[in-house]
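K.L.:
A single structure is presented below for examination.
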Amino acid sequence: MKVLVINAGSSSLKYQLIDMDNESVIAKGGCERIAIEGSFLKFKFNGEDVVIEQPMPTHSEAIKLVLDTLVDQKYGFIKSMDEIDAVGHRVLHAGEMFTGPVLGTEENIEKCLSIKELGPLHQVPNIAGVKACKEVMPNTPMVLVFDTTFHSTMPEKAYIFGIPYELYTEHKIRRYGFHGTSHRFVSGEAIKYLGLEGKNSKIITCHLGNGSSISAVKDGKCVDTSMSFTPLGGVPMGTRSGDLDASITEFIGRKLGMDATETLNYCNKKSGMLGVSGISSDFRDLRNAAEEGNHRAKLALDIFAYSVKKFIGSYSAALGGVDCLVFTAGIGENDGNIRKMVCEELEYLGIEIDEAKNAERNNGQIRDITKAGAKVKVLVIPTNEELVIARDTLKVAFGK
Ligand code: AMP
């Protein structure tokens, strides 16, 4: 069976067509600059980049172009659209309405839109992608897979904030957490790898990428996570500030003459590693600059690693110990320096890494970088959010 996975953003739409018989990727690519002049579709064909420039005023044209290209005589990967058995969509937010993936029925789509305020930058384009797909493939099952639902098992004490309770009951202000498909995937892989299925397990998963979040996972279930009401919370990230004393946002607005929306935008887009270093949000640039003696680049890396370390400490307290620490995503999988900085001086928790193993390059496989004899397993696990979405899609659409 073949599943098309769609991740629709405000001006982009990424896709993967996955053969679920062997879980291999048949085709992958993405449309960029949707609704902006100069839109194009880019994908790999026989190892070469192919770019098709075409106006895409809405997500519908983008989806149509993706599907046309998938069955194209020259660049096609399949003979007909009928070969696509189901479509899985990444959707940011389930609010408190769903605790797992659901069918993309009209009713569920409306429910998702009813909470668009909780994530306007993602939720609306995510659903635009679902609607556009339904229009073009009316008889193909659509499945919605959420970034938040893995965290729906958190206990109240982890998700209620110290503000009046009515703000939760009336306005649903609470911790939701994000990157759920990634935390679910890598914690599940760790449990399998360590043979902990059906046993008690305490795992801390560090999804460190352009956006970063840390989760505490007990017996396969999330009990706490660092991202919060929105993906702005937790550790400082590429361009996001991470947790801030709320007074700071009001103060920034007053000092820089910005309203609340502008201030939030500033915290989301101009802060984090980019804001501290003044150079880049990319850890490769920061490492190069730090090695050339740039203090602010080194400081940004130090702040990041220190912040991740503090979450590991607090989550080992929340879990009552830790059996396994997992690193994943762009930084977690590739940046041995950051892993080393994070793990330094965590010996008291039983976390020690083998420097040589840690320095080995990412090979796309699970890597055990634990120092011989250390109590806690430290694993590098490549994340695969698309595969999780495709698996969920088969389960929800066909019960497989
Ligand atoms: P992601 O959001 O998971 O795609 O991660 C993207 C981020 O990973 C980039 O912005 C970089 O900061 C980081 N990254 C990717 N490759 C490397 C690498 N080889 N070394 C260090 N950081 C990397």
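K.L.:
With a 10 Å Cβ neighbour count serving as the proxy for reagent exposure, in which order, fewest first, do Asp21, Asp335, Asp68 appear?
P.N.:
Details: Asp21 8, Asp335 22, Asp68 16.
Sorted ascending by nearby Cβ count, the order is Asp21, Asp68, Asp335.
K.L.:
May I have the pair-distance distribution P(r) for the stretch 265-339, computed from all Cα-Cα distances with 5 Å bins from 0 and rounded to whole percent?
P.N.:
3, 15, 22, 21, 18, 11, 7, 3, 0
K.L.:
Something else about it: Considering the stretch 70-122, what Rg and Dmax in Å follow from its alpha-carbon atoms?
P.N.:
15.6, 45
K.L.:
Relative to 2.2 N^0.38 Å, what does the C-alpha radius of gyration of the stretch 1-148 come to as a ratio? Two decimals please. If you can, show how the numbers build up before the last one.
P.N.:
Working: Rg = 14.9 Å, N = 148, 2.2 N^0.38 = 14.7 Å.
Ratio of Rg to 2.2 N^0.38 Å for the stretch 1-148: 1.01.
K.L.:
Compute the label zone of Asn200 within the stretch 313-336: residues whose backbone N is under 19 Å from the point 7 Å along Cα-to-Cβ.
P.N.:
Only 315-325 fall inside the zone, counting backbone N under 19 Å.
K.L.:
Normalised by the empirical 2.2 N^0.38 Å for globular proteins, what value does the Cα Rg of the chain take?
P.N.:
Values: Rg = 21.4 Å, N = 400, 2.2 N^0.38 = 21.4 Å.
Working it through for the chain, the quotient is 1.00.
K.L.:
For Asp49, Asp243, what's the fewest-to-most ordering of other Cβ within 10 Å of each Cβ?
P.N.:
Numbers: Asp49 9, Asp243 14.
By the 10 Å Cβ count, ascending, the order reads Asp49, Asp243.
K.L.:
Where q = 0.26 Å⁻¹, what log10 of I(q)/I(0) comes from the Debye formula for the stretch 189-232, counting one point per Cα?
P.N.:
Debye curve over Cα of the stretch 189-232, log10 I(q)/I(0) at q = 0.26 Å⁻¹: -0.91.
K.L.:
Related question: If one computes the Cα centroid of the stretch 261-303 and of the stretch 345-400, what distance in Å separates the two points?
P.N.:
If you average the Cα positions of each part, the centres end up 26 Å apart.
K.L.:
So if I average 1/r over every pair of distinct C-alpha atoms in the stretch 3-81 and take the inverse, what Kirkwood radius in Å does that give? Write out the running numbers ahead of the final one.
P.N.:
Values: mean 1/r = 0.0790 Å⁻¹.
Taking the inverse mean of 1/r over all distinct Cα pairs, the stretch 3-81 comes out at 12.7 Å.
K.L.:
Given contacts defined as C-alpha pairs under 8 Å and at least six residues apart, what's the relative contact order of the stretch 1-43, whole-number percent?
P.N.:
Values: 82 pairs, mean separation 13.2, N = 43.
Computed value for the stretch 1-43: 31 percent relative contact order.
K.L.:
Let me ask you something else. Over all pairs of distinct alpha carbons, what does the Kirkwood formula give as the hydrodynamic radius of the stretch 306-364, in Å? Mind showing how you got there, number by number?
P.N.:
Details: mean 1/r = 0.0826 Å⁻¹.
After inverting the pairwise mean of 1/r, the radius is 12.1 Å.
K.L.:
Provide Rg and Dmax in Å for the stretch 124-274, with only Cα atoms included in the calculation.
P.N.:
Rg, Dmax (Cα atoms, Å): 18.2, 56.
K.L.:
So how much slack lies between Arg296 and Ser24, counting 0.36 nm per residue of separation and subtracting their Cα-Cα distance, in nm?
P.N.:
93.7 nm
K.L.:
Based on the mean of other beta carbon atoms within 10 Å per residue, what is the order of 303-313, 249-259, 361-371, most packed first? Numbers along the way, then the final one.
P.N.:
Numbers: 303-313: 19.6, 249-259: 12.5, 361-371: 14.5.
So the peptides 303-313, 249-259, 361-371, ranked by packing, come out 303-313, 361-371, 249-259.
K.L.:
Would you calculate a helix-derived [θ] at 222 nm for the chain, using -39,500 (n - 2.57) for each DSSP H run of n ≥ 4 and dividing by the full residue count, to the nearest 500? Walk me through the intermediate numbers first.
P.N.:
Values: 15 runs with 156 residues, N = 400.
About -11500 deg cm²/dmol.
K.L.:
Build a GNM of the chain with springs between Cα atoms under 10 Å: which of Tyr315, Tyr75, Tyr15 gets the top mean-square fluctuation?
P.N.:
Of Tyr315, Tyr75, Tyr15, the Gaussian network model singles out Tyr75 as fluctuating most.
K.L.:
What ³J(HN,Hα) values, in whole Hz, does the Karplus curve 6.51 cos²θ - 1.76 cosθ + 1.60 give for the stretch 281-286 when θ = phi - 60°, with x put for Gly and Pro?
P.N.:
9, 8, 5, 5, 5, 5
K.L.:
Let me ask something else. Of the peptides 384-391, 372-379, how do they stack up when ordered by the mean number of other Cβ atoms within 10 Å, highest first?
P.N.:
The densest-packed peptide leads the list: 384-391, 372-379.
K.L.:
Which value, in nm² and rounded to one decimal, describes the direction-averaged projected area of the C-alpha convex hull of the stretch 243-290? Spell out each step's value before the answer.
P.N.:
On the way: hull surface 14.6 nm².
Mean orientational projected area (the stretch 243-290, Cα hull): 3.6 nm².
K.L.:
Below 8 Å, C-alpha to C-alpha, sequence gap of six or more: please give me the relative contact order for the chain in percent. Before the final figure, lay out the partial values.
P.N.:
Values: 824 pairs, mean separation 56.3, N = 400.
14 percent.
K.L.:
Sorted from fewest to most neighbouring beta carbons within 10 Å, what does the list Leu301, Leu67 look like? All intermediate terms of the calculation are to be shown ahead of the outcome.
P.N.:
Numbers: Leu301 22, Leu67 18.
Least crowded to most crowded, the residues run Leu67, Leu301.
K.L.:
Something else now. Could you tell me which of the pairs Lys28/Lys395; Lys42/Lys74; Lys199/Lys375; Lys202/Lys395; Lys157/Lys298 are separated by over 25 angstrom between their Cα atoms in the structure shown?
P.N.:
Values: Lys28/Lys395 22 Å; Lys42/Lys74 15 Å; Lys199/Lys375 17 Å; Lys202/Lys395 27 Å; Lys157/Lys298 36 Å.
In this structure, Lys202/Lys395; Lys157/Lys298 lie more than 25 Å apart at Cα.
K.L.:
Nearest-5 percent of antiparallel DSSP beta bridges in the chain? Show your work: numbers first, answer last.
P.N.:
Values: 40 of 59 bridges.
Beta bridges within the chain, antiparallel portion: roughly 70 percent.
K.L.:
The stretch 300-400: D in µm²/s via Stokes-Einstein (Kirkwood Rh, Cα pairs, 25 °C, 0.890 mPa s)? It would help to have the intermediate numbers written out before the result.
P.N.:
Working: Rh = 14.8 Å.
After rounding, the answer is 166 µm²/s.
Just so you know, all these numbers are worked out from the coordinates, no wet-lab data involved. Nothing here was measured: the structure is a model prediction, and the numbers come from that model. Neighbour counts are summed over all protein chains in view; Cβ atoms, including those assigned to glycine, are modelled from backbone coordinates with ideal geometry.
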